[in-house]
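Following: one structure in structure tokens, then a few remarks.
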Amino acid sequence: MAIRVLLLAGALLALACSHGATASDPSHLQDFCVADKTSPVRVNGLACKAAKEVVVEDFYFSGLHVAGNTTNKQGSAVTAVNVAQIGGLNTMGVSLVRIDYAPFGLNPPHTHPRSTEILTVLEGCLHVGFVTSNPENKHFEKVLNKGDVFVFPKGLVHYQYNNRTTGAVAIAALSSQNPGVITLANAVFGAEPSIPAGITTKAFQVEKSTVDWIQAQF
């Protein structure tokens, strides 16, 4: 009987540990842990500000009503609201972005290494999609209209494209206080120092002149 109890307790402990290991961000152990951005302490996240120094502004941000500047090569702009903007998001495991798209604007293929994303179209129409991991690389795509919602699974390559002659706006929630973003083209062709040409030419099966031309765009 005692052995059975121990085995059951061990199984429950393993399940609890497994659940904790899969969380996007560490769970907080108090009401809040407002980020102390001046602290020299480096942890997985940010050190906590002393509770007596916390003020209401630590949980507040204003600005998502302002459209982002889409006059760039991609024709899109992301306004982030994460722990860098709201210190009170520290340890909370959530953040937000507003994305503006010019006519035919693109939020290019990218990943969030630490976050799932759920996007809602506020204005306009978006062609969105994501690609699964190797070896299938299956492409899921959908045209979204105002009020539609779409989920991009954590870590998978995804994009949004405004395929209309009018602008579009979306808002997205992410399951991390600091989801990170890796834009594929920038990472591969805009890296500093550059990835050696022998690697990129072999990876993409193209001539060096093609790689040189693409790198020049970044």
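The values are calculated or read from the model by the stated rules, or taken from the named source; none is laboratory data. No experiment lies behind these values; they were computed from the predicted model shown. Side chains included, ligands, DNA and RNA excluded: accessible areas come from the protein's heavy atoms. Shrake-Rupley method; radii C 1.70, N 1.55, O 1.52, S 1.80 Å.
Taking all protein chains in place and a 1.4 Å probe, what share, in percent, of the accessible surface of the range 69-113 do carbon and sulfur account for?
That fraction is 63 percent.
Could you order Phe218, Phe130 so the one with the most accessible surface comes first? Probe is 1.4 Å.
Per-residue accessible area, sorted high to low, gives Phe218, Phe130.
Solvent-accessible area per residue for the chain at a 1.4 Å probe radius, Å²?
With all protein chains present, the chain gives 61 Å² per residue.
Explain nothing, just compute: Karplus ³J(HN,Hα) = 6.51 cos²θ - 1.76 cosθ + 1.60, θ = phi - 60°, for every residue of the range 140-145 in order, whole Hz, x for Gly and Pro.
Running phi through 6.51 cos²θ - 1.76 cosθ + 1.60 with θ = phi - 60° gives 9, 9, 7, 9, 10, 10 Hz.
In what order, largest first, do Thr200, Thr91 sit by accessible area if the probe radius is 1.4 Å?
Largest accessible area first, the residues go Thr91, Thr200.
Quick one: Karplus J couplings for the range 29-40, per residue in order, coefficients 6.51, -1.76, 1.60, θ = phi - 60°, nearest Hz, x for Gly and Pro?
Per-residue couplings from phi come out as 10, 8, 4, 7, 9, 4, 4, 9, 6, 9, 6, x Hz.
Between Asp148 and residues 5 or more places away or on another chain, which pairs have amide H atoms under 5 Å apart, with H built 1.01 Å from N, and which residues are they?
Placed amide hydrogens put Val121 under 5 Å from Asp148.
How much of Leu122 can a 1.4 Å solvent probe reach, expressed as accessible area in Å² and rounded to 10?
Near enough 80 Å² of accessible area.
What ranking of Asp36, Asp58 comes out by heavy-atom accessible area, probe 1.4 Å, highest first?
Descending order: Asp36, Asp58.
Read phi for every residue in the range 179-188 and hand back ³J(HN,Hα) as whole Hz from Karplus 6.51 cos²θ - 1.76 cosθ + 1.60, θ = phi - 60°, with x for Gly and Pro.
x, x, 8, 10, 7, 4, 4, 5, 5, 7
At 1.4 Å probe size, with no ligands or nucleic acids counted, give the accessible surface of Ile199 in Å², nearest ten.
Ile199 exposes around 100 Å² with every protein chain in place.
Which distance in Å, rounded to a whole number, links the C-alpha centroids of the range 171-207 and the range 79-133?
17 Å
Heavy atoms of the protein only, probe of 1.4 Å, neighbouring chains included. What is the accessible area of Glu53 in Å², nearest 10?
Approximately 110 Å² for this residue.
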